[in-house]
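In what follows, a structure is listed as structure tokens, so that the remarks can point back to it.
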Amino acid sequence: MTSDRSVALRRPQGTHDVIPSLVPVIVRDVTLLESLVFFARRRPHGSLVALLRDNADFRRLFCASALSLTGDWFTFVALSSFVYRHTGSAGWTALLFAVNSLPGVVLLPLIGPLTDRFDRQRLRIACDLGAIIPVAGLLVAFHTRSVPLALGCLAGLSIAAAIASPIPEAALPNLVTSRELPLAQTALGSLYSAGLLVGAGLGGVVSAAWGASATLIIDGASFAVSALLIVRIRQPLSKVMTTRRIRMRADTAELWTFVRSTPVVSAFLRLTVGLRLCYGMVGLLPVYALDRFHVGDCTQPEPPWRSSGSAILPWHRSQPSVPAWPQH
């Protein structure tokens, strides 16, 4: 029987090649549900540990993606504290989440064609190295206490992330076999939620212990290491393209035709819209922690035993604004 990978390699080059790169952008927020469906229906061939051990190129891609996502949430934690501390406005803090999410929506018609029309390895390296510039701008914004500059730098980071995020999923068929592909896709897809959990938690600890600048330095270093890992990937991440001409209108029209004709993808798209609406509350969670529990990083005038570890275990002031924690 012909493998899925060989069929994909023989497929003629055309606008329909953009679909595999655009679909992960739309449905990446439902990766946890995809993972549950996958493991419920079939047992994966091998284990993730074995795949990471035996496939060096996939290991480098996986680690690069994990570093970038974790570093992004490091920055988001520091920004939330910075904006709320200098504006005192929950609206400005919630605006961070909108600025972080909007580029992925606005650039959707362009992301897929860019991923499929240009060399993915060079494009991902350019995004990682380019993201260091707005991180440096955030350091300046923190030093000058400029909230507008911080929002502009976050927008730059979000643009780089929006362009870079679909590249790993689109490149997977070139790095793993058709039997390994479902497991590899599940592993990469789960990184978004894992990066949120680990990155936000560790980012809060680092910010509380050493200040917001330390989180930005770690974020910049994560982008540099990610670019180095992508450089070391030996197998090509892209197939040879016959044209680099970007036709956003035609590509987007064919994408929606594909979505309408594929019930599973259409269902995931509707679910993603619902999740995005629910995610709006995430932007207010830092406000809740800062306002109700009076937590902050080490740059605030708080005793170190109160601020250390405040992102995970909120410590009360001498006059707490919320009831005491239950004893069970």
- Collect the residues in the range 85-128 that are touching a Phe, Trp or Tyr at 6+ places or on another chain (Cβ under 9 Å), surrounded by 22 or more Cβ atoms within 10 Å (Cβ to Cβ) and among the hydroxyl-bearing types (Ser, Thr, Tyr), keeping them in residue-number order. Thr93
- In the range 102-120, is there at least one residue being out of contact with any Leu (no Cβ under 6 Å at 6 or more places or on another chain), at pLDDT 85 or above and part of a helix (DSSP H, G or I)? no
- Filter result for the condition that a residue is surrounded by fewer than 24 Cβ atoms within 10 Å (Cβ to Cβ) and touching a residue at least 40 places away in the same chain (Cβ under 8 Å), over Leu157, Leu175, Leu149: Leu175
- Do you know which residues across the range 47-96 are modelled with pLDDT of 85 or more, over 30 Å from Pro182 (Cα atoms) and aliphatic (A, V, I, L, M)? Leu79, Val83
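The values are calculated or read from the model by the stated rules, or taken from the named source; none is laboratory data. Since the structure is predicted, the reported quantities are computational estimates derived from the model, not experimental observations. Positions of Cβ are backbone-derived with ideal geometry, glycine not excepted, and every protein chain shown enters the neighbour counts.
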